[in-house]
Every structure is written in C-alpha cells, then in structure tokens.
1. Relative contact order, percent, of the range B:34-162 when contacts are C-alpha pairs under 8 Å separated by at least 6 residues?
2. Express the relative contact order of chain B as a whole percentage, based on alpha carbon pairs under 8 Å and six or more residues apart in sequence.
3. Let me know the mean shielding of A:245-256 by other chains, meaning the per-residue number of their Cβ atoms within 10 Å of its Cβ.
4. Could you work out the mean count of beta carbons from other protein chains within 10 Å of each residue's beta carbon in C:143-155?
5. How would you rank A:TRP63, C:TRP278, going from fewest to most other Cβ atoms within 10 Å of each one's own Cβ?
6. By counting other Cβ atoms within 10 Å of each Cβ, how are B:PHE156, C:PHE177 ranked from fewest to most?
7. Residues of the range C:200-233 with the amide nitrogen closer than 19 Å to a label point 7 Å from the Cα of C:ALA164, along Cα-to-Cβ, please.
8. Starting from the amide H of C:PHE287, placed 1.01 Å from N in the peptide plane, find each other amide H under 5 Å away whose residue is 5 or more places distant or on another chain.
Amino acid sequence: MSNDNTTGGGGLARRLNPLRLPLRHRLGLLGLAGMAVLPRLVSTSFVVTLSLAYFWGVYAMSWDVVSGYTGQISFGHGVFFAVGGYTSALLNLGYGIDPVLSIPVGVVLAAAAGLIIGVPALRLRGPYLSLVTLVAPLILTQVFIFRSDVFNGEQGLSGVSPLFGLQTFGGEVAFYYVAFGLFVFVLAVLLLVTRTDAGAVLTAIREDPDTVAASGLNPSKFKIMAFVLSAAIGGLAGAVIVHTPSGNASPTTLMTITVNVEVIIAAILGGMGTIVGAGVGGILLILLREQLAGIAWTVPVIGQPVSDINFLVFALITLVLLFVMPGGIVRTAIIAGRRVLDRGSGEDTVATDGGTAPARRVYERYTDRLRAAFGGDDR
Amino acid sequence: MANILQFFVQSTIRSGLYALVAIGFTLIFGVGGVLNLAHGASILVGAYGVYFSVSVLGLPTAVGFLAGVAAAGVFGAILYLGLIEQFTTEPIMVMILTLVTSIAVELLVLNTAGAQPVAIPQFASGNFSLAGTNVQFNQLAIFVISWVIIGALFAFINYTRTGKAILAVSMSEKGASLVGIDSHRINLITWVIAGALAGVAGIALGSQLAASPVLGRTPLVLSFSIVVLGGIGSIRGSVVGAYLIGFLEVFVIQFVSSDLSGIAPLVVLVLALLVKPEGLFGRELAE
Amino acid sequence: MPDNDIDVVPDDVDDEWSLSRRKAVSAAGAMGAAALAGCSDSTDDGSEASDPLADRDTLRVGVLAPLPSNNPIGASIANGAKLAADQINANDGLDGTELEVIVKDTEEAPQTGRTRYGELIRDENVDVTVGVFTSEVLLAIMDDIAGSKVPHITTGAATPEASAKVNEEYDTYKYHFRAGPINAHHLGENLVDFLDAKIDEIGWDSVAVLVEDYAWTEPVSEVLNDQLADTGVEVAMTQRYPAGTEDFNPIYNEVENSGADAAYLAMAHTGTPAVIQWAQQQRPFEFAGIHVPMQLPSYYDAVNGACAYGVTQNSATPQAAVTDTTVPFADDYNEAYGSYPVYTGYISYDAVNQYADVVSESGDVGGNAVVSGLEDSSYTGTVGTLEYYGRDDEFAHDVKYDEELVWPVFQQWQPDGEGSGTQEVIFPDDLATADYQTPPWI
C-alpha cells in the first residue's frame, strides 16, 4: 500500500497542516489550487470536459473505497450511480421537487442499495461477489426496459431541472465549480476515512480477513460500512450529474457495462487502494477519451478516423497500461519521483519498494530541501 | 394441453442452444478456475468469422463455418497466451482484462462490420410443425449439434489421454504437475477447445438471431447463470443448468410476459449465488 | 456555493441583455467578484438581433448525426447536408456567402448528442443546426436549443413531444422545426392511409401489429389502436415489444397463433434481426409497415436478400420522382458518395436548402428572422413541399402531412432475378413502379 505510513501518532489537525505534509501531498494541494483557478485560463469547452472529468473522479473514488480497500471487487458500481441519479430525476420530473432536495433522497436510496447488495454479498468471496455485482446493473437495466413507462428504457430520462436553475450555455463555469466542489468534498471525506484507523482495518481485511477477525474486530461490519459509504458517494455523484449538462438519467451515462468497466479502469490506472489515485484516474480517463475523440487521423487497416473509434483505441491503450503499470499511475509516479530524488543524493541502493526506512529518510530529506527551495509561501 | 406440448417443444429446443452456449465457459472455469468474461467475444468471433468468410470473401458456407470455428479457437489461444497466463494468480485482474478485451472485440466488430445486424447462413432452412408449434429445421440442427458436442466432450474427457489430463489439472494443478502433466499445455488446449465451442455457439446463435456487435452479451450472462446454477466447472451440471434456465425462460415468455424473458436468468443467478453458491452439481472451489 | 445570485434572473427573460447578464451573474456567483473580470470571455451570439447576411463571409451549419462513418442513417444526414452546401457554394453561395458544414457524432446516445450540440454552439459558433436521429436525442437537446436560441431543423426524429413544447411554450422553444420525417402521429396516420387504400388489392383480412417500444412509436401505437380497425382489417394482435429485442421467435410464434395474414410494423432500431428471422424462418405471414433499415438502398445485399417481399414506408427513393429534384439529388449523391442516401439524406438536403432559401430571401441570419422565415416558407424539395404548422397548432413547427405537400411512398423489396433486389414503389398509385407481390412461401 502506498498510503502514508505515518498513521498512529499525532492528531488530525497536525497531520493536515500543510507544513508537515510530505511533498506529494503538497503537490496534490497545489494541483487542487490550480484546478480551482483553471476556468480563468482555459476555453469554455475544456471547462465542460473537466466538469465531466470530476464526476468520473468521484465515481472512481467511490469504487476505490470498497474495492480498492476491502478487495471486494465491484463490477457493477453503476447501480449506485443509477439509483442516485434516477431517484433524483424521477422526484424532480414527477413531483417537481427541487434538485437540492431530491439529491439527498437519491443519496439515501443509493446507500440503501449498498446495504441490499452489500449484506448478501458478504457470504460470497472473490469471483462470486464480482458476479453478483456484474449482474446487478443488468437486472436494473431490464427493470428499466420492462417499466419503460416510468424509466423510459435504455434511453433514460431527459428534461430534468438543472441544479440551481443554471443554464447550459452561460452556466459552464458555475457547473464546473459544482463538479469540482463535489470532487474536493468527496476526496476530503474519503481521505479522512481511509487515512484513519478505519482505513487500516479495511486494508487489513483485504490482505487477511481472518487476522482481522482474530484481533477482535468484525470484518463484516467494516465491509458493510465500506459498501454503504461507497454506494452513498456513488449515488451522490449520480444524483448531481443528472442535474448538470454532464449527464442525464440513462443507463448510458450511469450504468452500462462500459461505464462500469471504465470506472474500474480509471481506479486501477490511477492506483487502486489510494483514493487519490482513483480520483486522478477518473479525471485522466475522461481527458484521454476526449483527446482521442478529437483525432482525425485515419487508422490504416480499419480505414476509419481515430475520432470514430476512440473507445476502441482507448480500450487498447488501457490493456497496454494495465500491463505496464499494474500499480497505477499515481503509485508509479510516486515511485519514479522517489527514484529521481534518490538518484540526486547518490544513494542508488534505495529500493523501489516505496516503504523502507532508508527510502523514507532520503525522501524526507529531499522534501525538506525542496520545501526550502519552493515553499516560501508556507512560512 | 396444446400449450403444454408447445411449451415442452420450445423449451427443449431453446435449452439445447443454451447448453451449447455455456459449455465452453464451464470448461474454462472448471480447468483454469478462470471466469472468462471474454466468452461473449469468442462467440462474436465465431459468428463474424462466418460472416466475413461467406458474405465478404464469398467462400462456400461449409468453409465459412470451419473458418468461424477456427477463428474462435485461435482467439482462445491468443487470450490464454497473451493475457491469462500472465495473471494466473490474480483472478480479479483476469476478469478485468477479459472484460476490456471483450469490449475491444465488440468495438472492432462494430467498426469493421457496422452496427446493423448481419445475416449468418443457416445450417438448414425451412420449418415444420410439431405439437402445434412452429419448429425450424435450423433449430433442430442446433439441438442435434449441441448433443453431439456434449457427447463428444464427455468421451474426450473421460476416454482420451489428453482429456484425462484436463480432468487432472482441473482437480489439482499441483498434483497434475507431480505426475508429469504439462499444465501449461493442458490449459492451452482447454482454451482452444473452449474457444472453438464458443465459436460454434456463435454460429448457432447468429444463424438463429442474426449477428450483431452485441451478440455475445446475453450469452455471457446466460453462461454465468447456467454455470453457477449447475455448479462451477461441472459439464453435467451445466447441461442441467442450461435446461433449467431454458425451460424457465420459455415458461416466463409463454405464461407470464415476453418482456420479462431477459430478467429471469439473472434472478436465478442471484438466487443461486445466495442460496447455494456451489451449484447443483458443483464442488467447493479449491481455494 | 452561493446560488441566490443566480436565481434573480427569471428563466423566461430572453432578450439579449439578460443572456449576457445571466452569464456574468452565474459566473460571479460561482467564482466571486474577484474572478469576474476574467470570465466575460465570450460575447453574445446576437441571435435575437438582426444579423445581416451581407456582413457574413460564411454561414456555419452544424450537423448532428449518429456514427456518420458507419451508420447509413447518420452518413445520409451528414452527406445530404454537405451536398446541399457544396451545390450552393458552387453556385456562388448565398450572394457570395458560403455555407460551411460542421458534422458532430451523436453516437445515437442522448447524452453524447447533448455534449456535441454544446460543442457546436460553443466552439463552432454555428448559425443553424440540422439533423438528429432518434427522438431520444432530440428530446435531450430541446432545452439546450431553447437556451442557445439557434434555429434547429430536425431531419431524423419523429416524436411530437418536441412540437408540443413549441406549441406550449412558443417563446422558449420556437427555434425548433422538423423538416422530416412527418411526426410520429402522422406516421401512424400514414400507415392507416396506406392500408385503407391498398387493403382490397393486397387482400389481408387480419394483421398483427408489432411495434418496438421506443419514444417515437408511442403516437404511432395510439393512432393504430384508434384507427386501424376503421380500414376494415381485423387487428388480430397488438404488441409493443421491448427495446433491444434480439430474439423474435416467441413473438412470431404468437403472430402465427393469432392467425394474422401480415405483421404490420413500426420498427427502426430492432428492424434487422426482425426481418432476417422472418425470412430465414419463412414465417407464414407477410411483412409490412415502417421498417427503417429496409429503407436503405443497399439493404438487400447487406442482409443476403432477407428483406425480399418486405414492405416499408419511405420518404423518398431513387426510383420514385416524388418531385422534380428527387431523382437528380439521389444521382448526385450517389456520384459524390458512392451509394444512394436513406430518407434522412433527402430530408437533410431539403432542410439546408430551405434554410438557405429563407435567409437569402430575408437577408437576415438572426434567430428570430430565421424562425419567422421558416414559418412562412413553402419550399419544394426532394421529398415534397415543406411547409410548417403554425405556433397554435398542436404540431407546431412540424412539417405538414398532406397529399399535396409531403406524402410518403411505400415500397416493396422485390428480387430482380439476378441474385439481388430492387425497391419497387407500390404506393401512392401515381408513383407506383410495380404491383405488390406475396412472398412465395405463403
């Protein structure tokens, strides 16, 4: 696990003090600050793309908290997005309830769905659980098709009120901050949960549930907690996105097999079991996909422009990346970053295991030095 | 009474196809312990292999069938050598990789053959009336092929050296290695056979329904349901599972609502997983 | 997020001033006053004001089409619009103003359609948008069309929900027009009219109505339920089958059990497996109605002749001179793109031409001018004469369905004896090229 080994001593406030944060965390904060002012620097279209990207960051993080931490791989996280999104959209369309009120209802129902799927799933291990989660969105889709008078089948619901009455054209920046705010909020919540003792327990469950049980903790309780938290956050993202131009309440946006796979890919590519990695992965996934959609170069054998087959290219890139960086982009970057830092000090003996004491010392020394060089504003 | 007869005829016909669809999936789950989410992709390769050889290249239909089956077999080999072998100890990674692969194959088909469904030649044309219901000769042919393949597979596994080796590896890979069985080779053989069987299933499905880029999705889910119901890795169990699901589906279509036909196997799958995860004929997963 | 600032501007204020103000206000609400200066990036597109054509070097036409590289319906939308623009430009444009066509792929998905529509408005600054296949995509962008105030001409979605919005909230939704196909209510009437005229000649006593469960077929079902029996034919069975149906076996068994002489259809998305299974299984009933894939001129070879003897309604075909321009357009299209267009090609071609006609007439490309220009326009294109219902009609801004204006043809796929087939027109009688043929296995 790449997460910080400094658990134990020190209160929360002390750990969150930017002065004491390790370099990568400071870089992360800097990145967030940069993202907050981005709309001033980039085109409106890019602002729109980024808004969608933040939602995907949240999707991936919500997946990560259950699958990355407890090892219970969910292949159907879209169910939670869909429960949140459809609940909010139906309440808004059917009863004219303002999104601000219908979204929380969506979150509650999504959490309930997490409980419904999570509790029985505890009986199952490994691929069996994954099968249940893989099938759950298919069942929900069938229900949507069967009751298309309510759910409008595969095409989903449109004409839902936008959040805060914002307009698609003119409201782009406001929607950006909605998405960004959601992203930061979820990131903060999940970091708090996973970087405290609960996170350590969750990780331990993944590694060896029996040991956890032996130490007097009830792994089931923690697993269910992770499931419900994850479902609630996924439901929140789904409920919010249907009230923005980034998405609508349809299986295509919320829970097709493609969505479910992309969420997993995002989290794995970014770095499973790190929250931050999943968030970054979600954002990168959308940016990469949009980049591909803009390439007009024609692929020889197939005879079609990349823009028309962007998802195919994306799937292939993913396959390659999964081979090259099974640990994820963020983890790879951190390790690579450490290597660079280590090389500077001439101590090539430091391994890339990312957690040994010598590596840590060297790393701390260099972060201190960098802090002195760049961190004037901290004082 | 006529309804009941009709029900039995339609169910039996449908179940034969389902057994054919699930059998390759079972084989791989049983031997390698791998949940092959690219099973639908193999089905797609089989169906479109025929489409490309017959409709695009203009080869004779029989050659086209062989080409489709061969393409699916080769695809199985590529999957095993290219992906599965690298990640034998990481079942989740295998699931993800096979899922991404199947999406990639779907997209490849979509972008080469188009989104519109295409016709696949039938094994036999025409139809006849049986017990007051319409039965096509093609359906009958599929039913026969299904049983021939099931029989051949039984014979192969129980009476040939390679077949017995497959059985040994499925029981214990370590044990098999101890007695000198090359489990790598056996796994590869299994993947090729399973791929080819999926190819046959793809041709059967395509000839019955027409092939489209999403042809493999429903069969994949069906295979889950059948295999979980019948018991992981048990060929006999899958055949029984296929018949149970086939009968259930026709029952729902005929006596409840055809709108619900897609949901029935899914519900069975979830119930089976929750109530009796080891299936009707399965053994506990070795791990 | 302080949202109170945003709500002070009512949504229905739609003069120029409020649009830019709303932008500024929402931006301020989100970012705080300090950021305001950097945010007033785009100026108003001025769609409300007069916008003289003479001031423009180019007019930008945005096109929304599904998978234009491998879906014939999408390709026809894109190429039909392009061909119209090319021909206008080759003819010195609109008094020197060239048309530029920008195509975006909706992937037939509502959300993608919405994203691409946003790109057309935001990045491409288009003056008009044309296209959209499937009602679901259209409904997803209706509010954005209202928000952008850029005129939109639909050429491939039939739902009357769009025109109902125009009728109910005219000032908000007036930018939407439908050049074709005739809306779904009229599609249903057209099916009734066809059967009414041809029932004696074809000789069916009873039909089984099979309708795919998508938004566009709801009014079709309503009309068929209400009026089909009036033609004297017995309706032996009616089924709306679920979206995405692949296996038609159970449905066809039911049709056979019902004893119907023919299946009477409304199918677009699910049509191909339906016709392939009908033909390969040689089902003992005939096959007619609205079957969108069967309208495709290259369909016979694509499905190995499975569509032989199937009948579908169509807006226009290369065989029928609906107007003087129908066949020349089809030939020009074939020459330019190597295949004949489907119905969306004719309609999109007409839509761009009618738009060009309207703006060169008024000399004004502003939104209001285009809307009132189209309302008053009567333009004879390739599918007939396009006129639109007025704002007080329940089908406001939909193309008029009338024997003298737009009157679709019905065509049957008939084998040509050389291993291929042709689309023969069987209705209306003045355009008919052949008589109806019963499938030989019945």
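Derivation of every value follows stated rules applied to the coordinates shown; laboratory data play no part. The model shown is predicted, which means the values in this text are computed figures rather than measured ones. Here the Cβ is made from the backbone with ideal geometry for all residues, glycine too, and neighbour counts use every protein chain on show.
1. 24 percent
2. Relative contact order for chain B comes out at 34 percent.
3. The shielding value for this peptide is 4.
4. 2
5. With the sparsest Cβ surroundings first, the list reads C:TRP278, A:TRP63.
6. With the fewest neighbours first, B:PHE156, C:PHE177 line up as B:PHE156, C:PHE177.
7. It comes to C:212-227, nothing else.
8. Distant-sequence amide H within range of C:PHE287: C:ALA263, C:VAL311.
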